[in-house]
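Chemist: This is the structure I have questions about; it appears just below.
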Amino acid sequence: MDLLENLIVLSEKAARIARLIRKDEHLFRLLVEQKKPDEANPRFVDDFKTLADVLIQQMIKYFLELRFPGIAERVRGEENNTFRNTLGQEITVEIKKTLQETADLLRIILNGDSTAAYLLAEEVHRHVDIRDVNTKRVEYDWWMDLQEIGIWIDPIDSTAEYINASEDSSGEGQSGLNCVTILIGAYDIGTGEAVLGVVNQPFCSNVDNCWKGECTWGVSYNSTKINSLNTPPTRSHCAYLSSSEDEAVKTRLINKGYIIKEAPGAGNKILKVIKGQGDCYVLSKSTTFKWDTCGPQAILKSLGGDIVSYSEALENRIVSLKYPHDVEGKSGTSNGGGLLAFRMPEILEDFIEEK
(Lines give C-alpha, C1' and ligand atoms only; values in the text may rest on other atoms or scores of the structure.)
Protein backbone atom coordinates (compact mmCIF):
# COMPACT_ATOMS: atom_id res chain seq x y z
CA MET A 1 0.00 0.00 0.00
CA ASP A 2 1.58 3.21 -1.19
CA LEU A 3 0.21 5.39 1.63
CA LEU A 4 1.58 3.08 4.31
CA GLU A 5 5.05 2.96 2.77
CA ASN A 6 5.07 6.73 2.43
CA LEU A 7 4.10 7.20 6.08
CA ILE A 8 6.81 4.77 7.16
CA VAL A 9 9.43 6.68 5.16
CA LEU A 10 8.20 10.05 6.42
CA SER A 11 8.31 8.82 10.01
CA GLU A 12 11.95 7.90 9.40
CA LYS A 13 12.69 11.34 7.95
CA ALA A 14 11.14 12.80 11.11
CA ALA A 15 13.23 10.47 13.28
CA ARG A 16 16.40 11.59 11.51
CA ILE A 17 15.57 15.23 12.19
CA ALA A 18 15.01 14.37 15.85
CA ARG A 19 18.33 12.51 16.03
CA LEU A 20 20.18 15.27 14.18
CA ILE A 21 19.06 17.90 16.69
CA ARG A 22 20.26 15.74 19.57
CA LYS A 23 23.54 14.80 17.89
CA ASP A 24 24.73 18.02 16.24
CA GLU A 25 26.45 20.27 18.77
CA HIS A 26 25.14 23.50 17.28
CA LEU A 27 21.50 22.35 17.14
CA PHE A 28 21.75 20.63 20.52
CA ARG A 29 22.82 23.90 22.18
CA LEU A 30 19.73 25.59 20.76
CA LEU A 31 17.56 22.86 22.25
CA VAL A 32 18.96 22.71 25.79
CA GLU A 33 20.73 26.00 26.45
CA GLN A 34 19.36 27.67 29.56
CA LYS A 35 19.15 31.46 29.25
CA LYS A 36 19.62 33.82 32.14
CA PRO A 37 16.62 35.96 33.15
CA ASP A 38 18.24 39.18 31.92
CA GLU A 39 19.05 37.82 28.46
CA ALA A 40 17.01 38.92 25.47
CA ASN A 41 15.60 35.52 24.52
CA PRO A 42 14.80 33.46 27.63
CA ARG A 43 12.13 31.53 25.70
CA PHE A 44 14.44 30.19 23.02
CA VAL A 45 14.56 26.66 24.44
CA ASP A 46 10.78 26.42 24.17
CA ASP A 47 10.86 28.19 20.80
CA PHE A 48 13.32 25.75 19.28
CA LYS A 49 11.51 22.73 20.67
CA THR A 50 8.30 24.04 19.14
CA LEU A 51 10.09 24.68 15.85
CA ALA A 52 11.33 21.07 15.75
CA ASP A 53 7.74 19.87 16.24
CA VAL A 54 6.31 22.23 13.63
CA LEU A 55 9.07 21.49 11.11
CA ILE A 56 8.49 17.72 11.34
CA GLN A 57 4.73 18.12 11.05
CA GLN A 58 5.01 20.40 8.02
CA MET A 59 7.60 18.12 6.41
CA ILE A 60 5.24 15.15 6.63
CA LYS A 61 2.36 17.22 5.31
CA TYR A 62 4.42 18.65 2.41
CA PHE A 63 5.73 15.34 1.11
CA LEU A 64 2.36 13.63 1.48
CA GLU A 65 0.81 16.37 -0.65
CA LEU A 66 3.47 15.87 -3.33
CA ARG A 67 2.61 12.18 -3.56
CA PHE A 68 -1.15 12.40 -2.93
CA PRO A 69 -2.46 15.79 -4.16
CA GLY A 70 -5.29 17.12 -2.00
CA ILE A 71 -4.47 15.11 1.12
CA ALA A 72 -2.75 18.00 2.94
CA GLU A 73 -6.07 19.59 3.87
CA ARG A 74 -6.93 16.41 5.79
CA VAL A 75 -3.64 16.23 7.72
CA ARG A 76 -3.67 17.66 11.24
CA GLY A 77 -1.46 17.55 14.27
CA GLU A 78 -0.59 18.91 17.67
CA GLU A 79 1.05 22.03 16.26
CA ASN A 80 -0.06 24.75 13.86
CA ASN A 81 2.41 26.17 11.37
CA THR A 82 2.51 29.75 12.64
CA PHE A 83 5.70 30.35 14.59
CA ARG A 84 6.69 33.42 16.58
CA ASN A 85 10.43 33.80 17.10
CA THR A 86 12.16 35.58 19.97
CA LEU A 87 12.18 38.86 18.07
CA GLY A 88 8.39 38.81 18.00
CA GLN A 89 8.19 38.03 14.29
CA GLU A 90 5.26 35.82 13.27
CA ILE A 91 6.26 33.49 10.45
CA THR A 92 4.47 30.66 8.67
CA VAL A 93 6.65 27.56 8.68
CA GLU A 94 6.67 25.94 5.26
CA ILE A 95 8.72 23.41 3.35
CA LYS A 96 9.84 24.96 0.07
CA LYS A 97 10.63 23.28 -3.25
CA THR A 98 14.38 23.53 -2.80
CA LEU A 99 16.76 23.02 0.07
CA GLN A 100 18.06 26.59 -0.22
CA GLU A 101 14.56 28.11 -0.14
CA THR A 102 13.70 26.12 2.98
CA ALA A 103 17.00 27.15 4.61
CA ASP A 104 16.32 30.82 3.79
CA LEU A 105 12.94 30.67 5.55
CA LEU A 106 14.36 28.84 8.56
CA ARG A 107 17.12 31.43 8.84
CA ILE A 108 14.48 34.11 9.42
CA ILE A 109 12.73 31.98 12.03
CA LEU A 110 16.05 31.26 13.75
CA ASN A 111 17.03 34.93 14.06
CA GLY A 112 19.66 34.72 11.32
CA ASP A 113 21.30 31.46 12.42
CA SER A 114 22.47 30.20 9.00
CA THR A 115 24.22 27.11 10.37
CA ALA A 116 21.13 25.76 12.13
CA ALA A 117 18.87 26.69 9.21
CA TYR A 118 20.98 24.81 6.65
CA LEU A 119 21.45 21.73 8.82
CA LEU A 120 17.69 21.39 9.32
CA ALA A 121 16.83 22.12 5.69
CA GLU A 122 19.38 19.59 4.48
CA GLU A 123 17.79 16.86 6.60
CA VAL A 124 14.26 17.83 5.52
CA HIS A 125 15.19 17.46 1.84
CA ARG A 126 17.37 14.37 2.23
CA HIS A 127 16.10 11.33 0.33
CA VAL A 128 15.11 8.35 2.49
CA ASP A 129 14.21 4.97 1.01
CA ILE A 130 11.92 2.36 2.58
CA ARG A 131 14.99 0.10 2.75
CA ASP A 132 16.62 2.61 5.10
CA VAL A 133 13.96 2.04 7.76
CA ASN A 134 14.40 -0.52 10.54
CA THR A 135 11.05 -2.27 10.17
CA LYS A 136 9.35 -5.26 8.60
CA ARG A 137 8.80 -4.70 4.90
CA VAL A 138 5.25 -4.17 3.64
CA GLU A 139 4.47 -7.21 1.50
CA TYR A 140 0.72 -6.77 1.17
CA ASP A 141 -1.46 -4.72 -1.11
CA TRP A 142 -5.04 -3.58 -0.67
CA TRP A 143 -7.29 -0.79 -1.81
CA MET A 144 -8.02 2.27 0.33
CA ASP A 145 -10.04 5.31 -0.75
CA LEU A 146 -7.64 8.11 0.14
CA GLN A 147 -10.37 10.71 -0.34
CA GLU A 148 -11.99 9.28 2.80
CA ILE A 149 -8.82 9.25 4.89
CA GLY A 150 -7.73 11.83 7.47
CA ILE A 151 -4.39 11.87 9.28
CA TRP A 152 -3.26 12.86 12.79
CA ILE A 153 0.40 13.54 13.61
CA ASP A 154 2.27 13.93 16.88
CA PRO A 155 5.73 15.07 15.68
CA ILE A 156 7.66 14.42 18.92
CA ASP A 157 5.86 12.72 21.79
CA SER A 158 7.60 12.81 25.23
CA THR A 159 9.17 16.20 24.55
CA ALA A 160 10.42 16.56 28.13
CA GLU A 161 12.40 13.32 27.78
CA TYR A 162 13.62 14.49 24.39
CA ILE A 163 14.97 17.75 25.76
CA ASN A 164 16.32 16.50 29.07
CA ALA A 165 17.50 13.09 27.85
CA SER A 166 18.02 11.80 31.38
CA GLU A 167 19.55 8.34 31.53
CA ASP A 168 17.35 5.43 32.60
CA SER A 169 19.05 3.54 35.41
CA SER A 170 16.44 0.75 35.47
CA GLY A 171 17.60 -0.78 32.20
CA GLU A 172 13.95 -1.16 31.14
CA GLY A 173 13.58 1.96 29.03
CA GLN A 174 11.28 3.63 31.56
CA SER A 175 12.69 7.11 30.98
CA GLY A 176 15.04 9.06 28.73
CA LEU A 177 15.34 9.28 24.96
CA ASN A 178 14.12 5.71 24.59
CA CYS A 179 10.62 6.99 25.43
CA VAL A 180 10.43 9.46 22.52
CA THR A 181 8.04 8.50 19.71
CA ILE A 182 6.81 9.94 16.43
CA LEU A 183 3.14 9.09 15.93
CA ILE A 184 1.26 9.06 12.62
CA GLY A 185 -2.27 7.71 12.35
CA ALA A 186 -4.85 7.54 9.58
CA TYR A 187 -8.58 7.33 10.21
CA ASP A 188 -11.70 6.73 8.13
CA ILE A 189 -13.57 10.03 7.84
CA GLY A 190 -16.90 8.26 7.42
CA THR A 191 -16.68 5.95 10.43
CA GLY A 192 -14.17 7.82 12.60
CA GLU A 193 -12.19 4.61 13.10
CA ALA A 194 -8.39 4.44 13.28
CA VAL A 195 -7.29 2.35 10.29
CA LEU A 196 -3.53 2.76 9.86
CA GLY A 197 -0.75 3.55 12.28
CA VAL A 198 3.00 4.19 12.27
CA VAL A 199 5.02 4.61 15.47
CA ASN A 200 8.68 5.48 15.01
CA GLN A 201 11.00 5.22 18.02
CA PRO A 202 14.02 7.35 16.97
CA PHE A 203 16.14 6.39 19.97
CA CYS A 204 15.37 2.67 20.29
CA SER A 205 18.93 1.49 20.90
CA ASN A 206 22.35 3.03 21.38
CA VAL A 207 25.29 1.20 19.82
CA ASP A 208 28.78 2.73 20.08
CA ASN A 209 27.26 6.07 21.07
CA CYS A 210 25.07 6.10 17.96
CA TRP A 211 21.30 5.99 18.28
CA LYS A 212 19.33 3.61 16.08
CA GLY A 213 15.59 3.77 15.51
CA GLU A 214 12.79 1.27 15.00
CA CYS A 215 9.47 1.65 13.23
CA THR A 216 6.30 -0.28 14.13
CA TRP A 217 3.23 -0.20 11.87
CA GLY A 218 -0.20 -1.75 11.56
CA VAL A 219 -3.33 -1.67 9.40
CA SER A 220 -6.88 -2.43 10.48
CA TYR A 221 -9.05 -1.56 7.48
CA ASN A 222 -12.14 -3.59 6.62
CA SER A 223 -10.92 -7.21 6.45
CA THR A 224 -7.23 -6.25 6.25
CA LYS A 225 -5.37 -6.88 9.52
CA ILE A 226 -1.60 -6.68 9.04
CA ASN A 227 1.32 -5.32 11.07
CA SER A 228 5.07 -5.44 11.58
CA LEU A 229 4.91 -7.46 14.81
CA ASN A 230 6.15 -11.03 14.93
CA THR A 231 5.80 -11.94 18.60
CA PRO A 232 2.61 -13.64 19.88
CA PRO A 233 1.02 -11.99 22.92
CA THR A 234 1.65 -13.32 26.41
CA ARG A 235 0.38 -12.02 29.75
CA SER A 236 2.90 -9.85 31.59
CA HIS A 237 0.54 -8.87 34.44
CA CYS A 238 2.02 -5.38 34.11
CA ALA A 239 -0.01 -2.19 33.77
CA TYR A 240 1.51 1.08 32.58
CA LEU A 241 0.35 4.33 34.16
CA SER A 242 1.29 7.99 34.21
CA SER A 243 3.10 9.23 37.31
CA SER A 244 0.14 11.50 38.07
CA GLU A 245 -2.46 8.71 38.01
CA ASP A 246 -4.97 8.59 40.89
CA GLU A 247 -4.19 6.27 43.81
CA ALA A 248 -7.61 4.66 43.48
CA VAL A 249 -6.74 3.46 39.99
CA LYS A 250 -3.41 2.06 41.20
CA THR A 251 -5.10 0.26 44.10
CA ARG A 252 -7.69 -1.28 41.78
CA LEU A 253 -4.99 -2.64 39.48
CA ILE A 254 -2.87 -3.98 42.32
CA ASN A 255 -5.92 -5.76 43.73
CA LYS A 256 -6.39 -7.35 40.30
CA GLY A 257 -2.85 -8.71 40.44
CA TYR A 258 -1.08 -6.17 38.25
CA ILE A 259 2.45 -4.88 38.72
CA ILE A 260 2.38 -1.11 38.30
CA LYS A 261 4.96 0.62 36.13
CA GLU A 262 5.15 4.33 35.38
CA ALA A 263 6.57 5.77 32.17
CA PRO A 264 6.34 9.09 30.30
CA GLY A 265 4.57 9.68 27.00
CA ALA A 266 1.23 8.29 25.84
CA GLY A 267 2.80 7.00 22.64
CA ASN A 268 5.57 5.30 24.57
CA LYS A 269 3.19 3.57 26.98
CA ILE A 270 0.91 2.34 24.20
CA LEU A 271 3.96 1.11 22.26
CA LYS A 272 4.95 -0.98 25.27
CA VAL A 273 1.50 -2.61 25.17
CA ILE A 274 1.84 -3.13 21.41
CA LYS A 275 5.17 -4.89 21.93
CA GLY A 276 3.82 -7.03 24.77
CA GLN A 277 5.90 -5.39 27.50
CA GLY A 278 2.70 -4.59 29.37
CA ASP A 279 -0.86 -5.93 29.36
CA CYS A 280 -2.43 -2.49 29.35
CA TYR A 281 -2.05 1.25 29.65
CA VAL A 282 -4.64 2.84 31.90
CA LEU A 283 -5.43 6.55 32.10
CA SER A 284 -8.39 7.85 34.08
CA LYS A 285 -7.99 11.49 32.99
CA SER A 286 -8.83 13.28 29.74
CA THR A 287 -5.21 14.28 29.14
CA THR A 288 -4.44 12.57 25.85
CA PHE A 289 -5.45 13.79 22.41
CA LYS A 290 -6.37 12.41 19.00
CA TRP A 291 -2.80 12.81 17.75
CA ASP A 292 -1.56 10.68 20.68
CA THR A 293 -3.77 7.68 20.03
CA CYS A 294 -4.83 7.43 16.37
CA GLY A 295 -1.71 5.68 15.06
CA PRO A 296 -1.11 3.38 18.04
CA GLN A 297 -4.80 2.41 18.17
CA ALA A 298 -4.75 1.24 14.55
CA ILE A 299 -1.76 -0.99 15.33
CA LEU A 300 -3.46 -2.46 18.41
CA LYS A 301 -6.62 -3.14 16.37
CA SER A 302 -4.54 -4.98 13.77
CA LEU A 303 -3.36 -7.23 16.62
CA GLY A 304 -6.84 -7.88 17.99
CA GLY A 305 -6.63 -5.22 20.70
CA ASP A 306 -7.97 -1.68 20.92
CA ILE A 307 -8.06 1.56 22.87
CA VAL A 308 -11.37 2.16 24.61
CA SER A 309 -12.81 4.75 26.98
CA TYR A 310 -11.79 3.93 30.55
CA SER A 311 -14.82 5.56 32.16
CA GLU A 312 -17.20 3.72 29.81
CA ALA A 313 -15.49 0.37 30.54
CA LEU A 314 -16.17 0.87 34.24
CA GLU A 315 -19.85 1.15 33.32
CA ASN A 316 -19.88 -2.10 31.34
CA ARG A 317 -19.75 -0.27 28.02
CA ILE A 318 -16.91 -0.96 25.61
CA VAL A 319 -16.52 2.16 23.49
CA SER A 320 -13.57 2.40 21.11
CA LEU A 321 -11.94 5.78 20.69
CA LYS A 322 -13.13 7.49 17.52
CA TYR A 323 -11.82 10.34 15.38
CA PRO A 324 -14.59 12.70 14.23
CA HIS A 325 -13.27 14.70 11.31
CA ASP A 326 -14.76 18.06 12.29
CA VAL A 327 -13.38 18.39 15.84
CA GLU A 328 -11.52 21.55 16.81
CA GLY A 329 -9.88 22.97 19.92
CA LYS A 330 -8.47 21.30 22.99
CA SER A 331 -11.81 19.99 24.27
CA GLY A 332 -12.79 18.60 20.89
CA THR A 333 -9.53 16.79 20.29
CA SER A 334 -9.03 15.33 23.78
CA ASN A 335 -9.94 11.74 24.63
CA GLY A 336 -12.59 12.42 27.22
CA GLY A 337 -13.12 9.81 29.91
CA GLY A 338 -9.57 8.54 29.85
CA LEU A 339 -8.44 5.43 28.02
CA LEU A 340 -7.63 1.75 28.34
CA ALA A 341 -5.18 0.38 25.77
CA PHE A 342 -4.81 -3.39 25.45
CA ARG A 343 -3.52 -5.99 23.00
CA MET A 344 -5.44 -9.03 24.29
CA PRO A 345 -9.25 -8.67 24.55
CA GLU A 346 -9.41 -10.77 27.74
CA ILE A 347 -7.75 -7.87 29.58
CA LEU A 348 -11.12 -6.12 29.46
CA GLU A 349 -12.51 -8.60 31.96
CA ASP A 350 -10.38 -7.02 34.69
CA PHE A 351 -12.02 -3.64 34.17
CA ILE A 352 -15.69 -4.40 33.72
CA GLU A 353 -17.48 -3.50 36.94
CA GLU A 354 -19.31 -6.37 38.59
CA LYS A 355 -22.98 -5.45 38.92
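The values are calculated or read from the model by the stated rules, or taken from the named source; none is laboratory data. Just so you know, these numbers come straight off a predicted model, no measurement behind them. Methodologically, a virtual Cβ is constructed for each residue, glycine included, from the backbone with ideal geometry; neighbour enumeration extends over all protein chains shown.
Chemist: Hey, any hits in segment 279-289 for a residue that's farther than 25 Å from Tyr187 by Cβ and at pLDDT 95 or above?
Modeler: From segment 279-289, those farther than 25 Å from Tyr187 by Cβ are 279; that's our starting set.
Cutting the leftovers down to at pLDDT 95 or above gives us 279.
Among the residues of segment 279-289, at least one is farther than 25 Å from Tyr187 by Cβ and at pLDDT 95 or above, which makes the answer yes.
Chemist: So how many residues does segment 119-132 have that are free of Cβ contacts under 8 Å to residues at least 12 places away in the same chain and either surrounded by 15 or more Cβ atoms within 10 Å (Cβ to Cβ) or part of a loop (DSSP other than H, G, I, E, B) (or both)? Spell out the reasoning first.
Modeler: In the first step, residues of segment 119-132 are kept if they are free of Cβ contacts under 8 Å to residues at least 12 places away in the same chain; the result is 127, 131.
Among the residues that remain, those that are also either surrounded by 15 or more Cβ atoms within 10 Å (Cβ to Cβ) or part of a loop (DSSP other than H, G, I, E, B) (or both) are: 127.
Of the residues in segment 119-132, 1 are free of Cβ contacts under 8 Å to residues at least 12 places away in the same chain and either surrounded by 15 or more Cβ atoms within 10 Å (Cβ to Cβ) or part of a loop (DSSP other than H, G, I, E, B) (or both).
Chemist: Mind listing just one residue for me: the one in segment 85-105 that is in contact (Cβ under 8 Å) with a residue 24 or more places away in the chain and of a type outside the set (Val, Ile, Thr) and, of those, nearest to Asn335 (Cα to Cα)? Explain how you work it out, then say what you get.
Modeler: Of all residues in segment 85-105, those in contact (Cβ under 8 Å) with a residue 24 or more places away in the chain come to 85-87, 93-95, 98-99.
From the residues that got through so far, the ones that are of a type outside the set (Val, Ile, Thr) too are 85, 87, 94, 99.
Values: Asn85: 31, Leu87: 36, Glu94: 29, Leu99: 38 Å.
It comes out as Glu94.
Chemist: Which condition number does Ala116 fail, the rest of (1) surrounded by 24 or more Cβ atoms within 10 Å (Cβ to Cβ); (2) over 23 Å from Pro69 (Cα atoms) being met?
Modeler: Failed condition: (1).
Chemist: Considering Ile8, Ile56, which residue is closer than 25 Å to Ile149 by Cβ, modelled with pLDDT of 90 or more, surrounded by 22 or more Cβ atoms within 10 Å (Cβ to Cβ) and out of contact with any Pro (no Cβ under 9 Å at 6 or more places or on another chain)?
Modeler: Details: Ile56 fails: out of contact with any Pro (no Cβ under 9 Å at 6 or more places or on another chain).
Going through Ile8, Ile56 in turn, the sole match is Ile8.
Chemist: Hey, could you check segment 78-93 for residues that are modelled with pLDDT under 80 and surrounded by 15 or more Cβ atoms within 10 Å (Cβ to Cβ) and say which is nearest to Thr288 (Cα to Cα)?
Modeler: Glu79
Chemist: Do we find that Glu193 is within 18 Å of the chain's Cα centre (by Cα), over 27 Å from Gly176 (Cα atoms), at pLDDT 95 or above and not aliphatic (A, V, I, L, M) in this structure?
Modeler: Values: within 18 Å of the chain's Cα centre (by Cα): yes; over 27 Å from Gly176 (Cα atoms): yes; at pLDDT 95 or above: yes; not aliphatic (A, V, I, L, M): yes.
When the stated conditions are applied, Glu193 passes them.
Chemist: While we're on this one: Of all residues in segment 101-118, how many are within 20 Å of Asn81 (Cβ to Cβ) and either aliphatic (A, V, I, L, M) or part of a helix (DSSP H, G or I) (or both)? Steps first, please.
Modeler: Just the residues of segment 101-118 that are within 20 Å of Asn81 (Cβ to Cβ), to begin with: 101-111, 113, 116-117.
From the residues that got through so far, the ones that are either aliphatic (A, V, I, L, M) or part of a helix (DSSP H, G or I) (or both) too are 101-110, 116-117.
So the count comes out to 12.
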